[in-house]
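The values are calculated or read from the model by the stated rules, or taken from the named source; none is laboratory data. Everything numeric here is computed off the predicted structure, so don't read it as measured data. So basically every Cβ, Gly included, is an ideal-geometry build from the backbone, and we count neighbours across all protein chains shown. All accessible areas refer to the heavy atoms of the entire protein, side chains included, with ligands and DNA or RNA removed. Shrake-Rupley method; radii C 1.70, N 1.55, O 1.52, S 1.80 Å.
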Amino acid sequence: MAEMLIGGEWHAATGGKTLDVIDPANEETVGSVPSGSPDDVDRAVAAAAAAFPGWAKTDAEQRAEIVRTACERIGDASERIVDTLVHEQGKPTAEARGELQHFIHGLRYYAELATKLQGAYQPLPSTLGESYGLVIRRPVGVVAAIVPSNYPLTLMGTKVGPALVAGNTVVVKPASTTPLTALIVGELFQEAGLPPGVLNVVTGRGAAIGDALVGHPQVRRVAFTGETETGRRVMEIAGPQLKRATLELGGSDPVIICPDADLIRAAKAVLIGRLWNAGQSCLAGKRVYVFAEVYDRVLEQLLAQIERYEPGEGWLKPEKPKIRIGPVHTVHQRETLLAQVEDSRARGAEILFGGTAPERSCKGYFMVPTLVAEAPDDARVVTEETFGPVLPIFKVADMDEAIARANNTRYGLGSSVWTHDSRLIHRAAHELDTGMTWVNQIHYGYDELPFGGVKDSGIGREHGSEGLNHYTELKSVVVGGLS
């Protein structure tokens, strides 16, 4: 059994309870971890608080060097990490390797930013003699990093990377169903020379330890990625204590395909983005609006491509030209997807492909990739987030209708437009009510650019120098008596 990392040492849960980690591809147990309690949270936060003063005073370049060393050790352990990720999360091996590389890239990016935090110098009025002001950046303190199950590495990295290089200490709470890779990363950071207590990993169910971690009085900063309703709960706890918080929540990203687009490329990219990680990406394109004059051609391309996706175990390669798609993460998640599709069918939508679990003799939470045509705007596949391989497609008359329907949602994470018309690009950039818009690109989060949502898709930003700044606090210093 794996143990929790607290204060540089490995611990069982205070109450001795454990959680099994289940492979969603075959429903077999792949490991077990401690089922933590609020007492374990107290120990982890105390360790992080004790380590904070020393880590905050550590030279920024030294902090960066430890992160770089950790990247090397993580790279050396890539096969172990990838295999663990495939079995605890369910994604195909190729996708797991891609996530690991994205994780390492992000950590290296933040290591390079460690010495580039900037403040300001401001001359001040000479009422009391010559004086000037400085604006300096300081680390916030103990950070609670709450990571979901769909990208256990990447979404841990977007929190741990900037937090550590800015001089904070961290308590990571991975999803209860995908804790194993987080524990491996914690182990490798220790081997890279990270001082005890700077990075802690506490495992357990969110219902048991989530509130305790977010509400702990020594936690100064909360970084959460997950469902919108859980994000509301995080804010309910963090808000009254005036904690700094960023929330990257659910999305129902619209895609607009215009008549002048490269339709073959657009259709292929839409499916790759929608079906990557079995559709379990908050920023995936989840609603496709196609101009009427090219609707049939786009539909033809989507149907030709979606047939290539074959549900199966992530560690098995399909025969070409098939493309592997893994299971969704839990049986409850699959039941929700099937109910969303059935709701669309009942409301008059046409299920053009899929809409069922595959006919398989073995176990696993698989679902056939699904294409839904012309669901009404009040159908669940439109009003809710479809967190799995379900893609609804709609016909629109023009850009006015496309933007209006794209914005008719409580979500506002990402969006995209496929066109070479600069006027339409300009409209999409300024009128789509989302935190990010891609132009002729698959929806993908770049470490170099701020990423986050509006409306029910969250507050604050991760990634980029903006993301790093969220792990610091500003302090103004007035220097006087110079004359």
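For region 127-163, how many residues meet the condition of being open to solvent by less than 10 Å² (accessible area, probe 1.4 Å), within 27 Å of GLY279 (Cα to Cα) and in contact with a Ser or Thr (Cβ under 6 Å, 6 or more places away or on another chain)?
Within region 127-163, residues that are open to solvent by less than 10 Å² (accessible area, probe 1.4 Å), within 27 Å of GLY279 (Cα to Cα) and in contact with a Ser or Thr (Cβ under 6 Å, 6 or more places away or on another chain) number 2.
Pairs needed: first member in region 96-109, aromatic (Phe, Trp, Tyr); second member anywhere, assigned to a helix (DSSP H, G or I); C-beta distance under 8 Å; at least 6 residues apart or different chains.
So the pair list comes out as PHE103/ILE74; PHE103/THR154; PHE103/MET156; PHE103/GLY157; TYR109/GLY161.
Quick check: is even one residue across region 385-397 surrounded by fewer than 22 Cβ atoms within 10 Å (Cβ to Cβ) and in contact with a Ser or Thr (Cβ under 9 Å, 6 or more places away or on another chain)?
no
Pairs please, first residue from region 387-406 and within 14 Å of GLU350 (Cβ to Cβ), second anywhere and modelled with pLDDT of 95 or more and assigned to a loop (DSSP other than H, G, I, E, B), Cβ atoms under 6 Å, 6+ apart in sequence or on different chains.
PRO392/ALA375
Answer yes if at least one residue in region 55-74 is under 24 Å from SER32 (Cα atoms), open to solvent by less than 30 Å² (accessible area, probe 1.4 Å) and at pLDDT 95 or above, and no otherwise.
Yes, region 55-74 contains at least one residue that is under 24 Å from SER32 (Cα atoms), open to solvent by less than 30 Å² (accessible area, probe 1.4 Å) and at pLDDT 95 or above.
Determine which member of the set PRO38, PRO34 is open to solvent by less than 20 Å² (accessible area, probe 1.4 Å), more than 17 Å from PRO196 (Cα to Cα), modelled with pLDDT of 95 or more and of a type outside the set (A, V, I, L, M). Let's see the steps before the verdict.
Values: PRO38 fails: open to solvent by less than 20 Å² (accessible area, probe 1.4 Å).
So the residue among PRO38, PRO34 that is open to solvent by less than 20 Å² (accessible area, probe 1.4 Å), more than 17 Å from PRO196 (Cα to Cα), modelled with pLDDT of 95 or more and of a type outside the set (A, V, I, L, M) is PRO34.
How many residues, within region 7-27, are in contact (Cβ under 8 Å) with a residue 60 or more places away in the chain and either open to solvent by less than 10 Å² (accessible area, probe 1.4 Å) or more than 26 Å from ALA114 (Cβ to Cβ) (or both)?
Residues that pass the stated criteria total 10.
Pick from region 340-365 the residues that are over 20 Å from ASN277 (Cα atoms) and outside any loop (DSSP other than H, G, I, E, B): which of them is least open to solvent (accessible area, probe 1.4 Å)?
Going through the qualifying residues, I end up with SER344.
Take SER416 and decide whether it is open to solvent by less than 50 Å² (accessible area, probe 1.4 Å), in contact (Cβ under 8 Å) with a residue 12 or more places away in the chain and not hydrophobic (A, V, I, L, M, F, W, C). Steps first, please.
Numbers: open to solvent by less than 50 Å² (accessible area, probe 1.4 Å): yes; in contact (Cβ under 8 Å) with a residue 12 or more places away in the chain: yes; not hydrophobic (A, V, I, L, M, F, W, C): yes.
Against the criterion (open to solvent by less than 50 Å² (accessible area, probe 1.4 Å), in contact (Cβ under 8 Å) with a residue 12 or more places away in the chain and not hydrophobic (A, V, I, L, M, F, W, C)), SER416 qualifies.
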